[in-house]
């Protein structure tokens, strides 16, 4: 399920966080679904368990997963809403980027075409 790129500049724990968030956004993982245990994911990916625990702790802090002692970690009921809210707030970042592109001479049409390609590729 998880794919780790050891050559990536992105830390492994962030790759796990980003992939799990994507799984939730596209509907692969749903509220109350159990996620793999630290031990099993560590063995499957050949990664230090502390790295996976770091990712899980951050996901728990964000409200995306919850830990149930003796049972494991589960996707929260609000995970999708939380992620959608976070992604919507990134529109401000996009707006700033578009302003920078405009200053650099990138045309409005080129930006629109880029957006359309991004939507068409999913």
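Given an 8 Å cut-off on Cα distances and at least 6 residues of separation, report the relative contact order of the chain as a percent.
On the way: 94 pairs, mean separation 26.5, N = 122.
Relative contact order of the chain: 22 percent.
Considering Cα pairs under 8 angstrom that are at least six residues apart, work out the relative contact order of the range 12-82 and quote it in whole percent.
Numbers: 78 pairs, mean separation 26.6, N = 71.
Relative CO of the range 12-82 lands at 37 percent.
So, in Å, what gap is there between the alpha-carbon centers of the range 1-65 and the range 98-117?
Cα centres, the range 1-65 to the range 98-117: 33 Å.
Place a point 7 Å from the Cα of residue 117 along the Cα-to-Cβ direction; which residues of the range 68-100 have their backbone N under 17 Å from it?
98
Just to verify a number: FRET efficiency for residue 94 and residue 68, C-beta to C-beta distance, R0 = 35 Å, to 0.05?
Numbers: r = 37 Å, r/R0 = 1.05.
Approximately 0.45, to the nearest 0.05.
Rounded to the nearest 0.05, what FRET efficiency do residue 109 and residue 26 give with R0 = 30 Å and r taken as the Cβ-Cβ distance? Could you check? Spell out each step's value before the answer.
Numbers: r = 30 Å, r/R0 = 0.98.
Plugging the Cβ-Cβ distance into 1/(1 + (r/R0)^6) gives 0.50.
How would you rank 6-17, 93-104, highest first, on the average number of other Cβ atoms within 10 Å across their residues? Before the final figure, lay out the partial values.
On the way: 6-17: 13.8, 93-104: 10.6.
Most protected by this proxy first, the peptides run 6-17, 93-104.
With springs connecting C-alpha atoms under 10 Å apart, model the chain as a Gaussian network and identify which of 89, 57, 42 has the largest mean-square fluctuation.
In this elastic network of the chain, the residue with the biggest mean-square fluctuation among 89, 57, 42 is 89.
Taking Cα atoms, how many degrees apart are the long axis of helix 49-62 and the longest axis of the chain, rounded to 10 and kept between 0 and 90?
60
Taking 0.36 nm per residue of sequence separation and subtracting the Cα-Cα distance, how much length would be gained by fully extending the chain between residue 3 and residue 58, in nm to one decimal?
Values: separation 55, 0.36 × 55 = 19.80 nm, distance 1.87 nm.
The span from residue 3 to residue 58 would gain 17.9 nm if fully extended.
Take 47, 111 and order them by how many other Cβ atoms sit within 10 Å, fewest up front. Can you show the working numbers first?
Working: 47 20, 111 15.
Listed from fewest to most nearby Cβ atoms, that is 111, 47.
Starting from the Kirkwood radius over alpha-carbon pairs of the range 12-82, derive D by Stokes-Einstein at 10 °C in a medium of 1.306 mPa s and give it in µm² s⁻¹.
Working: Rh = 12.0 Å.
For these conditions, the coefficient is 132 µm²/s.
Which one, (i) 13, 47, 32, 8, 0; (ii) 12, 36, 22, 15, 11, 4; (iii) 12, 35, 29, 18, 7, 1, gives P(r) over Cα pairs in 10 Å bins from 0, in percent as derived from the coordinates shown?
Of the labelled values, this structure produces (iii).
How tilted is helix 12-25 with respect to the longest principal axis of the chain? Cα atoms for both, answer in degrees (0 to 90, nearest 10).
Taking Cα atoms only, the helix is inclined about 80 degrees.
Which angle between 0 and 90 degrees, to the nearest 10, do you get for helix 91-103 versus the longest principal axis of the chain when only C-alpha atoms count?
Helix 91-103 and the main axis of the chain meet at about 40 degrees.
No value in this document is a laboratory result; all are computed from the given coordinates. Note that the structure is predicted; figures quoted are calculated from it, not measured. Glycine also receives a Cβ, built like all others from the backbone with ideal geometry; neighbour counts cover every protein chain displayed.
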